[in-house]
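Since every read-out is calculated from the coordinates, none of them should be taken as a lab result. Being a predicted model, the structure only gives us computed values, none of them experimental. Neighbour counts run over all protein chains shown; Cβ positions are idealised from the backbone, glycine included.
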Amino acid sequence: MRVQSASDGVGIKRLAVFAEGATSPVGVADFERNPDRCAWWRTAPCSNVADVEIPVDTRRVPDGERRFIVRAYDAAENVRSYTSDPVTIAELFFATWV
């Protein structure tokens, strides 16, 4: 999943992707421990983000048309969410029988 931008007055420390209705993320980009992204001694500790690619484990999402929710967490754990347009998930499974 590509996030074009996420911003907040204190910066973004984590982006998490959830399949609609799910309680655990299927993809996470965590910047909290990256000193280039979050320096906790600054007034605005984390940087805002742009053009971030978040790997999504589609094996954990049922086949069919789905929406994803991207949650952006700022340095104070406040959350803003964005819901994607529908995406079709179709996992291919190949088995070899002997």
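Some values worked out for this structure:
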{"quantity": "Loop GluC sites (Glu not before Pro), region 25-70, which have at most 15 other Cβ atoms in a 10 Å radius of their Cβ (DSSP)", "calculated": "Glu32"}
{"quantity": "Per-residue Cβ neighbour rank within 10 angstrom, fewest leading, Val3, Val49", "calculated": "Val3, Val49"}
{"quantity": "Sum of side-chain charges, Ser47 neighbourhood, beta-carbon under 14 Å (Lys, Arg +1; Asp, Glu -1)", "calculated": "-1"}
{"quantity": "Shape of the chain, Cα gyration tensor, a/c cut at 1.5", "calculated": "prolate"}
{"quantity": "Neighbour-limited loop hits for chymotrypsin sites (Phe, Trp or Tyr not before Pro), region 35-98 (at most 10 other Cβ within 10 Å; DSSP other than H, G, I, E, B)", "calculated": "Trp40, Trp41, Phe93, Phe94, Trp97"}
{"quantity": "Cβ-based net charge around Phe31, under 9 Å, with every Lys or Arg adding one and every Asp or Glu removing one", "calculated": "+1"}
{"quantity": "Extreme residue, positive dipole direction of region 2-89, given options Trp41, Gly11, Val56 (C-beta unit charges)", "calculated": "Trp41"}
{"quantity": "Neighbour net charge for Asp8 - beta-carbon separation under 9 angstrom, K R +1, D E -1", "calculated": "0"}
{"quantity": "Residue exposure sequence - Ile12, Ile89 - by fewest surrounding Cβ within 10 Å", "calculated": "Ile89, Ile12"}
